[in-house]
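Structure record follows, encoded as structure tokens.
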Amino acid sequence: MLDLLLTGATLPDGRTGMSVGVQGGRIVDVAPRIDATANNTVDAAGYLLTPHFCDPHFHMDATLSYGLPRVNESGTLLEGIALWGELKPQLKAEDMVRRALAYCDWAVARGLLAIRSHVDTSDPSLLTVEAMLEVKRRVAPYLDLQLVAFPQDGVLRTRGGMDNLERALKLGIDVVGGIPHFERTMSEGAESVRRLCELAARTGKLVDMHCDESDDPLSRHIETLAFETQRLGLQGRVNGSHCTSMHSMDNYYVSKLIPLIAESGVSVVANPLINITLQGRHDTYPKRRGMTRVPELLAGGVNVAFGHDCVMDPWYGMGSGDMLEVAHMGLHVAQMTSRSGIHACFEAVTTRAARVMHLDNYGLQPGCDASFVLLQARDPVEAIRLRAQRLKVWRKGVLLAEAPPAASRLHVPGREGDVRFLWPE
């Protein structure tokens with residue numbers, strides 16, 4: 001007997017009327033019909049069943065701290081960094097843990113069950129590291145939380161920065177991070193990339209660096225990251241986040257850069273909500289969009305995913321943990337409005353993001369974890385258009401969250417009934 005049987009589901013690849021059988025937390029069968037009994041049978045009613053959402057770029061230590069100690073009035077990246085610097089001396093581990101756990105509740109309710117969070121290692125106390133490791137321990141039964149050692153103030157710019165970061169790794173942080181464009185000089189930024197990649201090679205860690213989060217087209221640390229990845233044999237283990245300077249680079253240089261990134265196996269995470277908010281702040285008009293060249297990178301064979309980056313913190317006062325909102329913004333900023341483009345944006349918060357995070361057993365095939373979401377939509381396009389209701393969220397076959405179908409009751413004569421905003425069949 002199966003633990004769980006879903007029937008009548010639509011899958012992201014377009015298959016309809018599909019059944020999914022679950023036993024022992026794993027998917028054991030996916031077929032149009034499964035002749036088996038189950039302890040729990042759920043009729044998906046034609047709605048979309050998708051692997052859970054993944055956020056490959058977030059800052060859990062700062063989340064839900066909006067307004068502390070004040071609000072970012074300019075809306076710039078630099079004021080956000082300055083604000084975080086003002087807040088750090090006031091931080092308490094219990095407050096960070098409380099806010100992070102609250103955000104994880106939001107995430108689970110949104111079907112977001114895997115998050116990669118950058119954790120500031122600039123303070124030698126490593127208070128943020130210890131707090132986020134505690135959060136990781138507490139949420140482990142229901143959410144995969146990867147932690148990145150992130151030297152927010154620059155690993156070389158900060159006294160003892162490399163030592164702090166190495167201590168964070170020894171405490172249990174999963175990934176080596178960096179921020180080369182925030183070092184004092186371009187050469188220091190390149191040197192930080194070299195040292196951090198060598199550290200990852202020695203320790204067997206993955207790498208995820210904030211790279212070129214700038215409107216400066218001469219900020220080209222992603223090139224150095226791709227080179228060091230190849231030199232050290234780190235192909236497939238490295239990600240460059242943001243890469244917004246690429247938006248401002250000339251096309252000739254980019255025609256060289258993208259093949260280099262693809263050859264190195266470096267993936268890229270864009271953060272549409274934040275990139276469109278923080279970039280272009282020095283422009284009058286026309287204003288740059290700021291987000292990296294997503295369609296061009298995809299066409300060049302680079303794995304590109306989308307991250308949320310921030311929710312209600314010194315950099316961004318909005319957000320609710322909804323990766324469909326991220327995908328919705330991404331397709332608009334990148335002008336990926338073809339059906340194939342919209343599907344690629346859906347993959348950027350599901351399968352492509354899972355690949356960046358090196359998640360095992362992810363997907364909707366037999367043998368994968370039964371960690372999936374039933375959305376009130378009939379395909380990925382409709383899911384993004386509506387930021388669809390998460391009807392049910394399962395992790396390894398266990399129901400974690402559910403919500404009633406979203407509907408408005410109409411009281412117009414002759415048109416009474418529920419309005420659900422679905423395309424008429």
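MET318 meets all of the listed conditions (1) under 22 Å from CYS104 (Cα atoms); (2) in contact with a strand residue (DSSP E or B) (Cβ under 9 Å, 6 or more places away or on another chain) but one, namely (2).
Within the stretch 115-130, if we keep just the residues that are closer than 19 Å to HIS242 by Cα and not polar (S, T, N, Q), the residue that is surrounded by the fewest Cβ atoms within 10 Å (Cβ to Cβ) turns out to be ASP120.
Out of ASP216, ASP250, ASP212, ASP174, I need the residue that is at positive phi and among the charged types (D, E, K, R). Which one? Break it down stepwise before answering.
On the way: ASP216 fails: at positive phi; ASP250 fails: at positive phi; ASP174 fails: at positive phi.
Only one candidate qualifies: ASP212.
Checked against (1) within 21 Å of ALA305 (Cα to Cα); (2) open to solvent by 10 Å² or more (accessible area, probe 1.4 Å); (3) of a type in the set (Val, Ile, Thr), VAL28 passes all but a single condition, namely (1).
If you go through the stretch 192-243 and keep only what is surrounded by fewer than 17 Cβ atoms within 10 Å (Cβ to Cβ) and among the hydroxyl-bearing types (Ser, Thr, Tyr), you end up with just THR203. For the stretch 2-11, the criterion of being in a loop (DSSP other than H, G, I, E, B) and in contact with a helix residue (DSSP H, G or I) (Cβ under 8 Å, 6 or more places away or on another chain) is satisfied by no residue at all. Close Cβ contacts (under 6 Å, 6 or more residues apart or on different chains) running from residues in the stretch 270-284 that are assigned to a helix (DSSP H, G or I) to residues that are open to solvent by 10 Å² or more (accessible area, probe 1.4 Å) comprise PRO272/MET329; PRO272/VAL333; LEU273/MET329; ILE274/TYR316; ILE276/VAL333; LEU278/LEU77. Only residues that are surrounded by 17 or more Cβ atoms within 10 Å (Cβ to Cβ) and either closer than 24 Å to VAL398 by Cβ or touching a strand residue (DSSP E or B) at 6+ places or on another chain (Cβ under 6 Å) (or both) were counted in the stretch 139-154, giving 11.
If we scan the stretch 371-380, do we find a residue that is within 26 Å of ALA344 (Cβ to Cβ), surrounded by fewer than 19 Cβ atoms within 10 Å (Cβ to Cβ), modelled with pLDDT of 95 or more and in contact with a Phe, Trp or Tyr (Cβ under 7 Å, 6 or more places away or on another chain)? Checked against the condition, which is being within 26 Å of ALA344 (Cβ to Cβ), surrounded by fewer than 19 Cβ atoms within 10 Å (Cβ to Cβ), modelled with pLDDT of 95 or more and in contact with a Phe, Trp or Tyr (Cβ under 7 Å, 6 or more places away or on another chain), the stretch 371-380 yields at least one hit.
The values are calculated or read from the model by the stated rules, or taken from the named source; none is laboratory data. Keep in mind the model is a prediction, meaning the values are calculated, not measured. Cβ atoms come from the backbone with ideal geometry, glycine included; neighbour counts cover every protein chain shown. For the accessible areas, the whole protein counts, side chains as well, though only heavy atoms, and no ligand, DNA or RNA atoms are used. Shrake-Rupley method; radii C 1.70, N 1.55, O 1.52, S 1.80 Å.
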